[in-house]
1. Scan the range 105-137 residue by residue and report those that are among the acidic types (D, E) and over 22 Å from T93 (Cα atoms).
2. Only residues in the range 29-50 that are within 12 Å of A91 (Cα to Cα) count as the first member; pair them with residues that are among the polar types (S, T, N, Q) and outside any helix (DSSP H, G or I), Cβ under 9 angstrom, at least 6 apart or cross-chain, and list the lot.
3. In the range 76-103, how many are open to solvent by 60 Å² or more (accessible area, probe 1.4 Å) and either at pLDDT 75 or above or outside any loop (DSSP other than H, G, I, E, B) (or both)?
4. Quick one: what pairs do we get from the range 57-77, first residue more than 10 Å from A88 (Cα to Cα) and among the acidic types (D, E), second open to solvent by 60 Å² or more (accessible area, probe 1.4 Å) and modelled with pLDDT of 90 or more, C-beta under 7 Å, 6+ apart or different chains?
5. List, please: which pairs have Cβ atoms under 6 Å, are six or more places apart or on different chains, and start with a residue in the range 104-126 that is part of a helix (DSSP H, G or I) and end with one that is polar (S, T, N, Q)?
6. When the residues of the range 27-42 are filtered to those that are part of a helix (DSSP H, G or I) and of a type in the set (A, V, I, L, M), which remaining residue is surrounded by the most Cβ atoms within 10 Å (Cβ to Cβ)?
Amino acid sequence: MRTPSENSIVPIGLITQKIYFVRSARVMLDADLARLYGVATKNLNKAVKRNMRRFPQDFMFQLSSNEMRNLRFQIGTSKRGQGGRRYAPYAFTEQGIAMLSSMLRSARAVQVNVAIMRTFVRLCEMLATHEELRRKIDAMESAGQMRPLADES
């Protein structure tokens, strides 16, 4: 039996590479989402602008010039005048991406959205596992069951 990620139209690994941490939130950029959905970024943003009331600040925000600069170093986007964008990209949180799914109704958009939601869930599970492991190690250290590696000299 195939796993859900094997049935996905977009590999989870590709989606994971497109998730960034900005303003203490995991987000995906408009251009990356547009590519995944198979639409032009311009058209995705037009649809969003026609429905701005669906996207409060915790669902979507536009990157500042400083955030754009920081991301440019991370992902290697080009500067304006060298094929770059005129406007700052929109960053969509998990809730914003879910809201996009109600606007983009193509079969591909639905499948891509399912894959994205599964990826976000998987990331949350991984982070929770790491957090639980860290707490267990801290508890063992405080109970004297483990000693820090630095004490082994």
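The values are calculated or read from the model by the stated rules, or taken from the named source; none is laboratory data. Please read all numbers here as calculations on a predicted model, not as lab measurements. Using ideal geometry, Cβ is built from the backbone for each residue, glycine included, and neighbour counts are taken over all protein chains shown. Ligands, DNA and RNA are excluded from the accessible area calculation, which covers all protein heavy atoms including side chains. Shrake-Rupley method; radii C 1.70, N 1.55, O 1.52, S 1.80 Å.
1. First pass over the range 105-137, keeping only residues among the acidic types (D, E): 125, 131-132.
Within the range 105-137, E132 is the sole residue that qualifies.
2. That search, which allows pairs on different chains as well, returns A31/T77.
3. 3
4. D58/Q95
5. N113/S101; A115/S8; T119/T16
6. My answer is L33.
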